[in-house]
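The block underneath contains the structure these notes are about, expressed in structure tokens.
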Amino acid sequence: MNAKPILLVFAAMALIAGPAWADTSALERLKADLLGNLSATQVLTKWCGDLRLASPAVIRAERDAAVKPPTPEVMALLAARPDETIRYRHVRLMCGTHLLSEADNWYRPSQLTPEMNAELDTTDTPFGTAVRPLGFHRKTLGANATADQRTPLQVKALLLTQAEIPFSLVVENYSRDLIAGAPP
């Protein structure tokens with residue numbers, strides 16, 4: 001029996017499977033970095049720099065005017081009063097021309113300073129950067145691989161002040177482009 005065709009089949013399978021293994025490894029590293037850091041923006045800045053997606057590696061938020069009222073679940077997670085104003089911000093986090101993630105963010109403006117609210121309303125500053133002076137921390141509610149080829153990782157997190165007051169709920173969908181170019 002000639003082993004050459006069998007070797008060719010195995011080589012073809014390795015070529016097909018190789019990128020999936022690399023993607024899985026990169027996806028797990030991204031997930032670990034996000035779960036082990038207080039700021040997704042800081043993680044994305046590091047990944048952007050490591051992948052040389054832009055120089056300098058600066059993350060900016062492209063906002064859109066979408067409106068998504070808070071659900072009862074969002075209100076409960078934010079520990080918001082029934083009459084409290086909840087703002088919504090949908091952004092695409094970019095590094096240069098590369099889309100890194102899309103995020104839905106519901107937040108309590110009453111827990112932010114007027115300067116933070118103005119910055120979020122009028123600039124492309126990422127949320128985590130604008131509220132950094134709060135000394136907040138993240139509580140991950142879920143971090144799951146998805147079947148969506150465009151966004152293979154979704155992270156849901158609550159941002160809390162130092163006094164453990166929830167002020168933001170984020171649902172972040174991370175781009176395949178972010179992990180496709182990640183080194184092994």
Check: Taking Cα atoms, how many degrees apart are the long axis of helix 40-50 and the longest axis of the chain, rounded to 10 and kept between 0 and 90?
Finding: 40 degrees
Next item on the list: Only loop residues by DSSP count here, and only those with at most 16 other Cβ atoms within 10 Å; note down the GluC sites (Glu not before Pro) in the stretch 36-133 that meet that.
Entry: 84
Check: In degrees, nearest 10, range 0 to 90: what is the angle between the Cα axis of helix 4-35 and the longest Cα principal axis of the chain?
Finding: 20 degrees
Notebook entry, point to check: In debye, nearest 20: dipole of the chain around its Cα centre with unit charges on the Cβ of K, R (+) and D, E (-)?
Noted result: 360 debye
Margin query: Can you give the longest run of the chain that contains no trypsin sites (Lys or Arg not before Pro) sitting in a DSSP loop with at most 12 other Cβ atoms inside 10 Å?
Written below: 53-149
Check: When the helix-only estimate is applied to the chain (DSSP H runs of n ≥ 4, each -39,500 (n - 2.57), divided by the residue count), what is the mean residue ellipticity at 222 nm, nearest 500 deg cm²/dmol?
Finding: -11000 deg cm²/dmol
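Under 8 Å for C-alpha pairs, at least 6 residues apart: give me the relative contact order for the chain, rounded to a whole percent.
Value for the chain: 22 percent.
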Note to self: With a 1.4 Å probe and all protein chains left in place, how much of the accessible area of the chain comes from carbon and sulfur atoms, in whole percent?
What the structure shows: 60 percent
Item checked: Solvent-accessible heavy-atom area per residue, rounded to whole Å², over the stretch 124-174 at 1.4 Å -> 44 Å²
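The values are calculated or read from the model by the stated rules, or taken from the named source; none is laboratory data. The structure displayed is predicted, hence computed values, not measured ones. Cβ: placed from backbone, ideal geometry, glycine included. Neighbour counts: every protein chain shown. With ligands, DNA and RNA removed, areas are computed over all heavy atoms of the protein, side chains included. Shrake-Rupley method; radii C 1.70, N 1.55, O 1.52, S 1.80 Å.
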